[in-house]
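Contents: one structure, followed by commentary.
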Amino acid sequence: MNPFLSLLRRNHNYRNTWIGQVVSETGDHFNNIAVFGLVLAQTHNGMVVTGVMLARAIPAILAGPLAGVLLDRFDRQRMMIASDLVRAVVALGFVFTVDRTNTWLIYLLSGLLMLASPFFTSGRAAILPSIATREELHTANSLTQTTQWTTLSLGAFLGGAAVTQFGFRLAFVVNSLSFLVSALCISRLFLPGRGFRPPRTSVTESDVVRPWHEYVEGLRYMRSRPLILGIGMIAVGWATGGGAAQILFSIFGEMVFHRGPAGIGTLWGCAGIGLLIGGAIAYKIGPRLSFRNYKRAIVICYICHGGSYIVFSQMRNFAWALFFIALSRTAVAVSSVLNMTQLLRNVADGYRGRVFSTI
């Protein structure tokens, strides 16, 4: 039997986590395509896309440290459910942005949506080693990330088509409903013993009012382990250019190739296809790589990733542009799966919330 299907069949906890991921992330990409298409249609200004990206990124950065500390203090399952419920309400609020000529409400809702996101995404990474055995971990990580990229392709293609055919409101309603389905799936997880509470001593009154000290403790933990620190610095380097690339995807689809929301969706969809190919490659080669060859593979991946972006920026033919987007994402997918497997195997349970929220 296919190892992915075997994992889903026998592991109840992972299966529910996976179903919730499929539904909620597909809805997320409906939201992304709809929001970027809406602001460009209303303003025809690429800087507004930059503003939306910043409105999403800054709250996530600010919430990350707190999310990490709380995920290492309290029941991770309950925090993930709360994050889904909050995001369901916020996502539905985007319906009220469709007929507005100003964009302040889009900025506000985008910020609120991402403010709640680290509590779920970091929580999902933190519980993965608890719901998968060590033997299952590479397969579970590969499937989790491959699914993430599948939903990127599916959500982008469907989102672009749905917005073009049915308008923006449908995409926002689908996104809201997806969070409710995800919350239901996460509520079905079960672990005997302490459940999804991380191992730690009781929280004192001083700890409650000074969460920053716990976060700094997590940073010290990362710094003391070169592998974890190195992967963290790779994330910083990638995000420096990756954020700009996400803005450019929307601008190229709408304003360079003049293909509207469907063009944005196609660019994102082909990026997702490249990620799927890279995820499959990483799954195959991961168990066979020595640590030295793992490091060499990461270097090669980022050279290919960056080079493909440069070539993409010079393309005037839409088909060739799609090819180089897919190639760049194939390379980054290989590195992402390999790096994440290393983290899942080496980060101590009591620090997972802080490490994954930081990265």
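The values are calculated or read from the model by the stated rules, or taken from the named source; none is laboratory data. This structure is a prediction, so every number in the text was calculated from the model and none was measured. We place every Cβ from the backbone using ideal geometry, glycine too, and count neighbours over all the protein chains shown. Heavy atoms of the whole protein, side chains included, go into the accessibility calculation; ligands, DNA and RNA do not. Shrake-Rupley method; radii C 1.70, N 1.55, O 1.52, S 1.80 Å.
Worth pointing out:
- Looking across Ala326, Ala319, one residue alone is farther than 26 Å from Gly232 by Cβ and out of contact with any helix residue (DSSP H, G or I) (no Cβ under 7 Å at 6 or more places or on another chain). It is Ala319.
- Check on Val256, of a type in the set (A, V, I, L, M), closer than 30 Å to Arg169 by Cα and out of contact with any Asp or Glu (no Cβ under 9 Å at 6 or more places or on another chain): yes
- Test: residue in the range 320-343 that is within 24 Å of Gln165 (Cα to Cα), at pLDDT below 90 and open to solvent by 40 Å² or more (accessible area, probe 1.4 Å): no
- In this entry, Gly232 is excluded by the filter for residues that are more than 29 Å from Ala161 (Cβ to Cβ), surrounded by 15 or more Cβ atoms within 10 Å (Cβ to Cβ) and in contact with a His (Cβ under 7 Å, 6 or more places away or on another chain).
- The listed residue being within 19 Å of Pro198 (Cβ to Cβ) and not small (Gly, Ala, Ser), out of Val347, Val311: Val347
- Enumeration of residues in the range 101-113 that are open to solvent by less than 80 Å² (accessible area, probe 1.4 Å) and either among the aliphatic types (A, V, I, L, M) or farther than 10 Å from Ala55 by Cα (or both): Asn102, Thr103, Leu105, Ile106, Leu109, Leu112, Leu113
- All helices (runs of 4 or more DSSP H) inside the range 1-85 with 1 or more residues being touching a residue at least 60 places away in the same chain (Cβ under 8 Å), touching an Asp or Glu at 6+ places or on another chain (Cβ under 8 Å) and not aliphatic (A, V, I, L, M): 12-43
- Count of the range 80-100 residues which are open to solvent by 30 Å² or more (accessible area, probe 1.4 Å), at pLDDT 90 or above and not small (Gly, Ala, Ser): 5
- Just so you know, in the range 122-137 the residues that are in contact with a Phe, Trp or Tyr (Cβ under 8 Å, 6 or more places away or on another chain) and more than 17 Å from Arg9 (Cα to Cα) include one that is surrounded by the fewest Cβ atoms within 10 Å (Cβ to Cβ), and it is Ser130.
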